[in-house]
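The values are calculated or read from the model by the stated rules, or taken from the named source; none is laboratory data. Note that this is a predicted model, so its numbers are computed, not measured. Virtual Cβ from ideal backbone geometry, glycine too; neighbours counted across all protein chains shown. Only protein heavy atoms, including side chains, enter the accessible area calculation; ligands, DNA and RNA are left aside. Shrake-Rupley method; radii C 1.70, N 1.55, O 1.52, S 1.80 Å.
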Amino acid sequence: MSKEKKFQLRNQKILITAEKILKEKGYHYFKISDISEELEIAKGTIYNHYDSKEDLLFAVIYPKLQELRDSLQKISLSDLPFKQQIQQAVRIALESDYHQFLKLTYSDMAVLFQEKNQKEMTAIQEEIIQAFEKILVVGNNEGILRKDLSLTFLSHQILSILDPLLNSLMVGSGKMEKEEFIQQTTEILLYGMTKG
């Protein structure tokens, strides 16, 4: 096995282990030594892959954001009517690996918007907002959306459904089934942005 292949395999193990530990402990209680102990490798080996635990968190979460963005971008390219696109977007956002990870580590995410990763995080967040906006254009073209609401504003509001607190309070506590949460979230969004 080549040196590069070994490096990639070890990196994958580090990422998988880091995600598992982050979900268990949260970012603030997570230490690089937790990974080295679990994988039985030297801490220095992990630092050969990542300069800091912030970089490691970024490497765990960024692909999840990319996957969410890609899934949302595909929706607006579909032939589905607007209301089905919105429902699919809500479902994809709430069921995404990003949202599932966010529910467990929400309070720790601010560290990703610090100086080093801020540019990438802001850019991908903007791409996700633009994907929502493209879906809204479909509703606009179908004459369904209210003309007095900005598509950019609505896109930001839709992004707010990724706030894991409400999901955890309702679905996580068993007060509401996941399907009901998705349906009601979609209905609230549609009620607020469509013509009466």
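Could you tell me the calculated FRET efficiency between Leu165 and Glu38, based on Cβ-Cβ distance and R0 = 22 angstrom, to the nearest 0.05?
0.15
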### Extreme residue, positive dipole direction of the chain, given options Ser78, Tyr191, Ile46 (C-beta unit charges)
Ile46
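Multiply the residue separation of Lys5 and Glu142 by 0.36 nm, subtract the distance between their alpha-carbon atoms, and state the gained length in nm to one decimal.
Using 0.36 nm per residue and subtracting the Cα-Cα distance, I get 44.3 nm.
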### Query
To the nearest 10 degrees, how steep is helix 115-141 against the longest Cα principal axis of the chain, on a 0 to 90 scale?
20 degrees
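Under a 1.4 angstrom probe, counting protein chains only, how are Ile128, Ile144 ranked by accessible area, largest first?
Of Ile128, Ile144, the descending order of accessible area is Ile144, Ile128.
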### Mean ellipticity per residue at 222 nm, deg cm²/dmol - from DSSP H runs of n ≥ 4 across the chain, formula -39500 (n - 2.57)
-23000 deg cm²/dmol
### Query
With respect to the cross-link table entries Lys6/Lys64; Lys64/Lys195; Lys74/Lys103; Lys31/Lys116; Lys116/Lys178; Lys25/Lys119, which display a Cα-Cα separation exceeding 31 Å?
Lys64/Lys195; Lys116/Lys178
#### Entry: Residue order for Tyr29, Tyr47, Tyr98 - accessible surface, 1.4 angstrom probe, largest first
Tyr29, Tyr47, Tyr98
### Query
To the nearest 20 debye, what is the magnitude of the charge dipole of the chain about its Cα centre, counting +1 on the Cβ of each Lys and Arg and -1 on the Cβ of each Asp and Glu?
200 debye
### Task
Pop the C-beta distance of Lys195 and Asn48 into the FRET formula with R0 = 41 Å and round what comes out to the nearest 0.05.
0.10
### Summary
Helix 3-25 sits off the longest principal axis of the Cα atoms of the chain, rounded to the nearest 10 on a 0 to 90 degree scale, by 70 degrees
### Label point 7 Å beyond Cα of Lys13 along Cβ direction - residues of region 31-62 with amide nitrogen under 13 Å
35-43, 45-46
### Query
Which whole-angstrom value gives the distance between the alpha carbon centres of region 167-186 and region 44-97?
21 Å
### Task
Measure nothing fancy, just the Cα-based angle from helix 53-76's long axis to the longest principal axis of the chain, in degrees from 0 to 90, nearest 10.
30 degrees
### Query
For the pair Glu67 and Ser173, what calculated FRET efficiency results from E = 1/(1 + (r/R0)^6), where r is the Cβ-Cβ distance and R0 = 35 Å, to the nearest 0.05?
0.80
### For region 6-58, size of Cβ-based charge dipole, Lys and Arg +1, Asp and Glu -1, in debye
100 debye
#### Entry: Accessible surface of the chain, 1.4 Å probe, proportion on carbon and sulfur as whole %
51 percent
### Additional length obtainable on full extension of the chain from Gln125 to Ile188, 0.36 nm per residue less Cα span
20.4 nm
